[in-house]
1. Sum up the charges of everything whose Cβ sits under 11 Å from the Cβ of Asp163, counting Lys and Arg as +1 and Asp and Glu as -1, but leave Asp163 out.
2. Once both labels are modelled 7 Å past Cα along the beta-carbon direction, what's the Leu25-Asp119 spacing in nm?
3. Over the chain, what is the mean sequence separation of C-alpha contacts under 8 Å (at least six apart), divided by residue count, expressed as relative contact order in percent?
4. Can you give the FRET efficiency for Val161 and Arg233, using 1/(1 + (r/R0)^6), R0 = 30 Å, r = Cβ-Cβ distance, to the nearest 0.05?
5. So what's the gap between the Cα centers of region 155-212 and region 27-82, to the nearest angstrom?
6. About the Cα centre of region 4-135, what is the dipole size in debye to 20, counting +1 per Lys and Arg Cβ and -1 per Asp and Glu Cβ, all else neutral?
7. Quick check for me: using +1 on Lys/Arg Cβ and -1 on Asp/Glu Cβ, what's the dipole size of the chain about its Cα centre, in debye to the nearest 20?
8. Excluding Lys54 itself, what net charge comes from residues whose Cβ is under 10 Å from its Cβ, given Lys and Arg +1 and Asp and Glu -1?
Amino acid sequence: MGKGTHDYQDDPRNRTIKININGELFPRDQARVSVFDSGFILGDGVWEGLRLHKGRIAFLDRHLKRLFQGARAIDLDVGLDAAALRDRLYETLNANDMDDGVHIRLMVTRGIKATPYQDPRVTISPATIVIIPEYKQGDPAIAERGIGLFTVHVRRGRPDVQDPKLNSHSKLNCIQACIQATKAGADEALMLDPQGFVSTCNSTHFFMVTGGEVWTSTGDYCLGGITRENVIRLCRDHDIPVREKNFSLFDVYGADEAFVTGTFAGLTPIREVDGRALPAQGRGPVTARLQQLYLDLIERT
């Protein structure tokens, strides 16, 4: 079972799923990649998390655009174009007879290396493309009750160190943040930017509600979140004031409501931050409205 926004109930169907590795399907217990694979040796690759809803992968075009943009940024040749990768995703889902309630992890690494070394020039194979589809639904109790956050010392980095907009396999800073939050008894980590303003969480994007306005960070130090973008657009389309701006923990502690966004769980309310309970004590009215607007968007997209 996952934790926090990724809480889910075990589904026995996942024990017999077929995993796609470079276009070939393998039973779950037989799916393997080489110990010389760039992703295993160095975390050299990009990935996407996707949701299957009533036969369609939600917002797939935007996910693929982000994947290919990340691949270009690290000079990684995916080896397939977007149309071919889309076909492979649906072929994998069809082979598993999947139609709804599925979370997909799409991973692309630079490929197999001749020796364990970082230089891309020692790569001796095409890219490794892995597709793992699993039956996973977010816990509805979490969507109502909310989660607790803890502000960690690990900061979101500057783009000249490791660009936070790159959805790479190298997630050690987020893992460190997650560990610190867990040790503090929280569900997820709230991370600040290099200037000390609130940026994002270790695996989701942070929003707060104050005086009827929705605030989120400038986005300068966080992944270009697709659910985040959808929520901002929904606010603007439905006359909910929304601001992308710098704000501090002072503002967060005084917020009326807060929530996080992500592909897996959509919108999840925040119950408390750093031990300070928010007045909404979970799902407040603005969060509840946006949750429904987001579900409606998925239905019609």
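Values in this text are rule-based calculations from the coordinates and carry no lab data. As the structure is a prediction and not an experimental result, all values here were calculated from the model. Every residue, glycine among them, receives a Cβ derived from its backbone with ideal geometry; neighbour counts consider all protein chains shown.
1. Once positives and negatives cancel, what remains is +1.
2. Spacing of the two 7 Å Cα→Cβ label points: 4.1 nm.
3. Relative CO of the chain lands at 19 percent.
4. Here the calculated transfer efficiency is 0.50.
5. Value for the Cα centre distance between the two parts: 22 Å.
6. I would put it at about 180 debye.
7. So the magnitude is around 280 debye.
8. -2
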